[in-house]
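Only one structure is covered here, and it is reproduced in the block below.
The values are calculated or read from the model by the stated rules, or taken from the named source; none is laboratory data. Keep in mind that what you see is a predicted model, and the values were worked out from it rather than measured. For neighbour counting, all protein chains shown are included, and Cβ atoms are generated from backbone atoms with ideal geometry for every residue, glycine included. Note: accessible area is taken over every heavy atom of the protein model, side chains too, but ligands, DNA and RNA are not part of it. Shrake-Rupley method; radii C 1.70, N 1.55, O 1.52, S 1.80 Å.
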Amino acid sequence: MKWSLLALLAGFLMDWAWGDPRSIPHPVIWIGNLIDFLEQRLRALLPATPNGERLAGGILWVLTTSAATALPALLLYLCQRGSPWLRLGVESVMCWQILAARSLETESMKVYDALVSGDLAASRQAVSMIVGRDTTRLDEAGVARAAVETVAENTSDGVIAPMLFLAIGGAPLGFFYKAVNTMDSMLGYVEPPYRHIGLIPAKLDDVVNFLPARLSALLMLAAGALLGMDVKRGWRIFRRDRYCHASPNSAQTESVCAGLLGLRLAGDAWYHGCLHKKPYIGDPLREITNGDIPAACRLMYMTALLSLALCAGCKALLIW
């Protein structure tokens, strides 16, 4: 437990300093390749019916999470047999790969830079790399709104939730979470051809993220207080709009962010050529601006620091 705590702290610092380690193979790419492979094989083996595709989705979920958890656990076990310091080094790199605060900031700030330069086409292209919606119809405000929304939502999915799983079960449980989240990102759509095969992965992602999303929202409120934001308004919008999303979890941090920044987020969006009618989150107290993107990033980082302090403190108490 002591080694996994040190690995979490080291991984967070490496992510903060260097961001996504592109110079080494990223396990999430391997997880995505495994999902693609299993999807193709299971579609070929099972009937192309709603029940057959739902069964395929369930089998895919079990196989993917099992592999994503067992392989890191085996590698760390073998490292431990050699030296605890070797295990610490390897697990630190794993934690670095699991956490995504710096890469979330980097990618969203690319959107900001393109907006500031006045290049709408470049800003649409940049935001398309971090959102699942169609971006070709977005104006400048829509691009900024999409970037702020993804920073707010992924404060939970990309930073706080994986940090909590790392604190509880080390890198193996962290990779379990990343597998669950990646399956939802790749398969969790209501449009064909994912409507049925993605049902179980999407629902189980909701279950796994239920508590982390709500804890992330509360930590974000505390972060807003430290940054001098309007916490009273953030709490009010959180209470009112936290379920204004098809997912029971996605609007938890998004509603807090909207309230703290005084923005209206969400609303209708296009996915795979289909318009999805969505309620708004927050009040339109002012028009969104380019500067709201770095403001959302500052809020994300402060939330991450509070989460790290909470995780490290709880884990230290269990150790000592």
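Quick grid of which residues meet (1) under 19 Å from L138 (Cβ atoms); (2) out of contact with any Ser or Thr (no Cβ under 7 Å at 6 or more places or on another chain):
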residue: L221; (1), (2): no, yes
residue: L227; (1), (2): no, yes
residue: G234; (1), (2): no, yes
residue: I237; (1), (2): no, no
residue: S247; (1), (2): no, yes
residue: L260; (1), (2): no, yes
residue: G267; (1), (2): yes, yes
residue: D283; (1), (2): no, yes
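Look at A144 and say whether it is open to solvent by less than 20 Å² (accessible area, probe 1.4 Å), at pLDDT 90 or above and within 13 Å of the chain's Cα centre (by Cα).
On the way: open to solvent by less than 20 Å² (accessible area, probe 1.4 Å): yes; at pLDDT 90 or above: yes; within 13 Å of the chain's Cα centre (by Cα): no.
Considered against the rule, which asks whether it is open to solvent by less than 20 Å² (accessible area, probe 1.4 Å), at pLDDT 90 or above and within 13 Å of the chain's Cα centre (by Cα), A144 comes out as no.
Give I59, I35, I24 a once-over and let me know the one that is in contact (Cβ under 8 Å) with a residue 12 or more places away in the chain, in contact with a helix residue (DSSP H, G or I) (Cβ under 9 Å, 6 or more places away or on another chain) and not in a helix (DSSP H, G or I). Answer to the selection: I24.
Report yes if some residue within the stretch 212-219 is over 29 Å from R124 (Cβ atoms) and free of Cβ contacts under 8 Å to residues at least 12 places away in the same chain; otherwise report no. Yes, that holds for at least one residue.
Condition first: over 19 Å from V208 (Cβ atoms) and among the charged types (D, E, K, R). Can you find one or more residues in the stretch 70-85 that meet it? Yes, some residue in the stretch 70-85 is over 19 Å from V208 (Cβ atoms) and among the charged types (D, E, K, R). Comparison of A68, A17, A56 shows that the only residue that is within 30 Å of L318 (Cβ to Cβ), of a type outside the set (S, T, Y) and modelled with pLDDT of 95 or more is A68. Within the stretch 64-113, restricting attention to residues that are under 20 Å from N33 (Cα atoms) and β-branched (V, I, T), which residue is most open to solvent (accessible area, probe 1.4 Å)? Ranking the candidates gives T69 first.
Answer yes or no as to whether P201 is within 29 Å of I35 (Cα to Cα), in contact (Cβ under 8 Å) with a residue 60 or more places away in the chain and either in a helix (DSSP H, G or I) or touching a helix residue (DSSP H, G or I) at 6+ places or on another chain (Cβ under 8 Å) (or both). Yes.
Residues are listed down the side, and each one gets a yes or a no for (1) in contact with a helix residue (DSSP H, G or I) (Cβ under 7 Å, 6 or more places away or on another chain); (2) surrounded by fewer than 18 Cβ atoms within 10 Å (Cβ to Cβ); (3) closer than 20 Å to V180 by Cα; (4) at pLDDT below 90:
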position: L5; (1), (2), (3), (4): yes, no, no, no
position: L9; (1), (2), (3), (4): yes, yes, no, no
position: F12; (1), (2), (3), (4): yes, no, no, no
position: A44; (1), (2), (3), (4): no, yes, no, no
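Checked against the criterion of being in contact with a Cys (Cβ under 6 Å, 6 or more places away or on another chain) and under 26 Å from D157 (Cβ atoms), the candidates E105, E91 yield just one match: E105.
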